[in-house]
Amino acid sequence: MAILGLQLQQRFPVLTAVCYSRLISATIHAPAVASVSSLSCKLKKWNNGGRLPRRLVVGLGASFWAQYMNMAGNSKSFIASARLKGAVEQALQNVEWPEQFPFKDEDFQRFDETSDSLFYEAPRFVTHIDDAAIAALTKYYSEVFPPSNTPGVSILDMCSSWVSHFPKGYKQERVVGMGMNEEELKRNPVLTEYVVQDLNLKPKLPFEDNSFDVITNVVSVDYLTKPLDVFKEMCRILKPGGLAIMSFSNRCFWTKAISIWTSTGDTDHALIVGSYFHYAGGFEPPQAVDISPNPGRSDPMYIVYSRKLSTA
C-alpha cells in the first residue's frame, strides 16, 4: 500500500489533525504518517457530513495527487521522509505531471488570513534556520552563482530580509532584495537596492523582461498564495538560461504558510515547488537537491531549482 505524503517532520510546526482548541499552542515533534486507507475513510466521513479539521481537508490535494501518479505508473516512492536518503532528490525525477495544475484555491489558504503587512510590520533580526543549514545554503550558492563582480550580472533575492546567506564578500553590480519589511532590507549588506512588496497582493514583479541572471528565495516559497502568478513573473524577468533557486527547510511560521504545505512533508514539498516551475511554463524540468548538513541533528535544507528555457 502506498504511503501518502503526510508525514509531519520533527520540529515542524504543523498541526494537521489537531483539534481547533489546541491549535494555538501545540507543536508536533514526532513523525506521523497517514495511510491511503485511513485518509480515504476520513474523507468519506467528511463527505457524509462528518467534521474534519480544516487543515487536514485542504491538505489532501498533494497526497492524493502523489498517489494518483504512483497508480498511473510512476515508479518513484512518494514517502515523505527527510530521513530516507535521496527521497527528496528523487521526487522530481521522471515526473508524469497531470495535464492540469492539480491544486485548488483552498490549498493556498492559511490559518491566519489577516494582513501580511501587519504580520511583518515589526522587523525580525533573526535567522529562521540554524547555523549548519545556513552554512550548507551558502556553500551551495558559492558553487552555482556567477563569480563575484561579474560584469552585467543581476540577482534578485525574493522574500528577502536583513540577510541573504550569500557567500562572504560576494558582490555583483546589481543585487535587488524584495521583501516585506523595509528596516530589514536596509540592513542587508549584499543588496544594492530593494523593493517592499507583498507578493500575495501584487504578484506582478516591477522589473523589465530578461533582467536577472539569478533569482533566490530562502525558506519563503511556502508563504506564496499565488505561486503560479509569481513563477510566471520570475520566468518573464529572468534572462534566457537564468537560474531560479527555491530553498526550504521544515521550519515556517505555520499560521502564514499555505495549507498544502503544512499538511505535507519534505518530499511532497519538493513536488509542490517543482509543480510551480512546471505549470508556470518557460522553465527547464525542475530538479531537487538535498543539501541537509547533518540529517537528524540540524535543520534539513532542500533546493528546488530550474533555469529559464533559452527559447522562452
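Starting from residues that are in a helix (DSSP H, G or I) and of a type in the set (Val, Ile, Thr), keep the ones in region 100-140 and report whichever is modelled with the highest pLDDT.
THR138
Select from region 251-267 the residues that are surrounded by 24 or more Cβ atoms within 10 Å (Cβ to Cβ) and either part of a loop (DSSP other than H, G, I, E, B) or at positive phi (or both) and list them in ascending order.
Matches in region 251-267: ILE258, SER263, THR264, GLY265.
With respect to ASP229, determine if the residue is modelled with pLDDT of 95 or more, surrounded by 15 or more Cβ atoms within 10 Å (Cβ to Cβ), part of a strand (DSSP E or B) and not aliphatic (A, V, I, L, M).
Criteria not met by ASP229.
Could you list, in sequence order, the residues of region 283-311 that are assigned to a loop (DSSP other than H, G, I, E, B) and under 20 Å from VAL144 (Cβ atoms)?
The answer is GLU284, PRO285, PRO286, ILE291, SER292, PRO293, PRO300, MET301, LEU309, SER310.
Filtering region 232-244 down to residues that are touching a residue at least 60 places away in the same chain (Cβ under 8 Å) and surrounded by fewer than 23 Cβ atoms within 10 Å (Cβ to Cβ), which residue is farthest from HIS165 (Cα to Cα)?
Here the answer is PRO240.
For the structure I just gave you, tell me whether SER142 is within 17 Å of ALA244 (Cα to Cα), out of contact with any Leu (no Cβ under 6 Å at 6 or more places or on another chain), among the polar types (S, T, N, Q) and surrounded by fewer than 18 Cβ atoms within 10 Å (Cβ to Cβ).
Criteria met by SER142.
Quick one: in region 166-195, of everything that is in a loop (DSSP other than H, G, I, E, B) and of a type in the set (Lys, Arg), which residue is surrounded by the fewest Cβ atoms within 10 Å (Cβ to Cβ)?
That would be LYS168.
May I ask you to say which residue of ILE272, ILE237, ILE245, ILE215 is in contact with a helix residue (DSSP H, G or I) (Cβ under 8 Å, 6 or more places away or on another chain) and more than 22 Å from ASN94 (Cα to Cα)?
On inspection, the qualifying residue turns out to be ILE215.
Which numbered condition trips up SER211, out of (1) at pLDDT below 95; (2) polar (S, T, N, Q); (3) surrounded by fewer than 19 Cβ atoms within 10 Å (Cβ to Cβ)?
The failed condition is (1).
The values are calculated or read from the model by the stated rules, or taken from the named source; none is laboratory data. These numbers come from a predicted model, not from an experiment. Every residue, glycine as well, gets a Cβ built from its backbone with ideal geometry; the counts of neighbours run over all protein chains shown.
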